[in-house]
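The values are calculated or read from the model by the stated rules, or taken from the named source; none is laboratory data. Note that this is a predicted model, so its numbers are computed, not measured. Using ideal geometry, Cβ is built from the backbone for each residue, glycine included, and neighbour counts are taken over all protein chains shown. Calculation scope for accessible area: heavy atoms of the full protein, side chains included, ligands and nucleic acids excluded. Shrake-Rupley method; radii C 1.70, N 1.55, O 1.52, S 1.80 Å.
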Amino acid sequence: MTCQPSETDIPPLSHRSPVPEVIAPDGSEIRLLIDARHFARGASMVEVTLGAGQVSRPVYHQTVEEVWYVLEGCGRVWRCSPEVKEPSQVSAVSVVAGDALVIPTGWAFQFCADESDDLRFLCFTLPPWPGDDEAQPAEYGGLGEPTV
């Protein structure tokens, strides 16, 4: 007896959309890659793009942690623990293709792309992205006024 799985038993492949499907609360462009449609239960994955010279809006996440892997471009990322009393004293880190970082749950963050190129990275969200009200505006961002 041969056991052949039906197509509903096999997680489908995902393909990168040529256009963004969502604009994130921070203003970046989002292409959905992996979520519950692909049988992912513990995480989700998107591709994030911020245009050359742009600065995101500062936000924080209520319940999710993010892991970023930079695919192309370069920029800066500012992250700040909720316990920090003087967010203006927290420094940003520079990122380039091949770098990876974590945005812990509850931490405020803001990012920007250098003038020369878009900043593009994969973003893994643990647990999966729960919905539209997950990201909340942060009172302060360490990279200046948002441009998106």
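Points to keep in mind about this one:
- Taking amide H atoms as placed 1.01 Å from N in the peptide plane, the amide H of G27 lies under 5 Å from those of R57, each 5 or more residues away in sequence or on another chain.
- Amide hydrogen neighbours beyond the local backbone of A97, cut-off 5 Å, H modeled: G73
- Expressed as a whole percent, the accessible surface of the chain that belongs to carbon and sulfur atoms is 54, based on a 1.4 Å probe.
- Distances between every pair of Cα atoms in region 1-130, grouped in 5 Å steps from 0 to the bin holding the largest one, split as 2, 10, 17, 22, 18, 12, 7, 4, 3, 2, 1, 1, 0, 0 percent.
- For region 12-29, backbone phi angles converted through the Karplus equation (6.51, -1.76, 1.60; θ = phi - 60°) give residue-by-residue couplings of x, 6, 10, 10, 5, 6, x, 10, x, 8, 8, 9, 5, x, 7, x, 7, 8 Hz, Gly and Pro being listed as x.
- Per-pair calculated FRET efficiency, R0 = 30 Å: V93 and A43 via Cβ, rounded to 0.05: 0.80
- Applying the criteria of a DSSP loop state and at most 10 other Cβ atoms within 10 Å to the trypsin sites (Lys or Arg not before Pro) of region 21-54 yields R41.
- Given their separation in residues at 0.36 nm each and the Cα-Cα distance between them, K85 and Q136 gain 16.5 nm when the chain is fully extended.
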